[in-house]
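First the structure, in the form of structure tokens, and then the observations on it.
Where a number appears in this text, it was derived from the coordinates with a stated rule and is not lab data. Predicted model only: the values in this text are computed from it and were never measured. Because the Cβ atoms are built from the backbone with ideal geometry, glycine has one as well, and the counts that use them run over all protein chains shown.
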Amino acid sequence: MTHQAEPTEHQHATLSGRWLVVLTLSLFLLVPTITYFVWSMTQATPPRTQLDYDERADWFMMQVKSRPLKYSKFVEGETGKKYKKTDLVIDPDVEAVLQQCARLAQADDFFDNSKTRDLLVTLSANEQNGFYPAYLLAAWHLANKDIAEHDRWIRVAFDRVGGAIAQRLVDADGQPVAGYALPPVAIGYDRVTDGEIDTTLVLIYPRPTSEANGFVYLPTYRSVYRLADPSRPLGVDPGMHPIQLTLLPQPALGRDQPNWFAVPDGAVGRLDDAVVDKQ
């Protein structure tokens, strides 16, 4: 019988060395691949929140969270970067429509002008213009007591949204207050591109009105938000900002920076309940 020679220590060392080389090369290939995959996951646009307006009583809500766009002085000093990157990107043609609609919503005769309604009908028919024209059209019809048209267009608006902000209005006993019409609310959608902040997009929500459960629902882009003064010229950063996270009117007391906030992924952002007097 022929016996195979046992591997020598030298052969064992050679085999071990080859495996070590293969393992090292694999790590050089595997680690960057995993790193790139993880980075790609963090850079991707988060999935859009799907909101069925008829199911709004069951929407998953979470408290909004503060999310400053400015880096701390230490980080700014170390990196030279002043603002954090944002991921909201809007087509320039669509943004022009949003700006046009916001100016309409800020006008004193918004609810009394039939030409405004007709223009909003035209703009809302184009799905590419997003939720905002349809939301304004719904608000117009609600103020003019056409509930059927309001319900039609508010469904369209929420079908197109990427997110929403909600707040419940309650009385002094904590009971929901229905049909309460708030003064106009302004939300700024600040964006940072190449280290520069752009504060030009501010959407006006005229006369938000609480529903039977006391909630006010505002459709939004998924973004970092700031509350703004609806009476100020649009797109102009006044240097003074509302700091309380509420849809109720408030003075602009923030000098340093806005109270930027964000909504947790996959949820509707909820503000703390607000106490109002029944109208």
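Our estimate of slack between ALA267 and LYS81, defined as 0.36 nm per intervening residue step minus the Cα-Cα distance, is 64.0 nm.
In this rough spin-label picture, where each label sits 7 Å from Cα along the Cβ direction, the ASP109-ASP277 distance is 3.2 nm.
Taking 0.36 nm per residue of sequence separation and removing the Cα-Cα distance, the ASP256/LYS145 pair yields an extension gain of 35.7 nm.
At full extension, GLN50 and PHE74 could sit 4.8 nm farther apart than now, given 0.36 nm per residue minus the alpha carbon distance. Here's the list of lysines a cross-link from LYS115 could span, going by alpha-carbon distance under 22 Å and ignoring same-chain residues fewer than 8 apart: LYS145.
Peptides 103-111, 219-227, ordered by how many other C-beta atoms sit within 10 Å of their residues on average, highest first, read 219-227, 103-111.
Given in Å, the Rg to one decimal and the Dmax to the nearest whole number for the Cα atoms of the stretch 113-175 are 13.7, 44.
Computed over the stretch 115-240, the Cα gyration tensor eigenvalues convert (square root of 5λ each) into semi-axes of 25, 20, 13 Å, ordered from largest to smallest.
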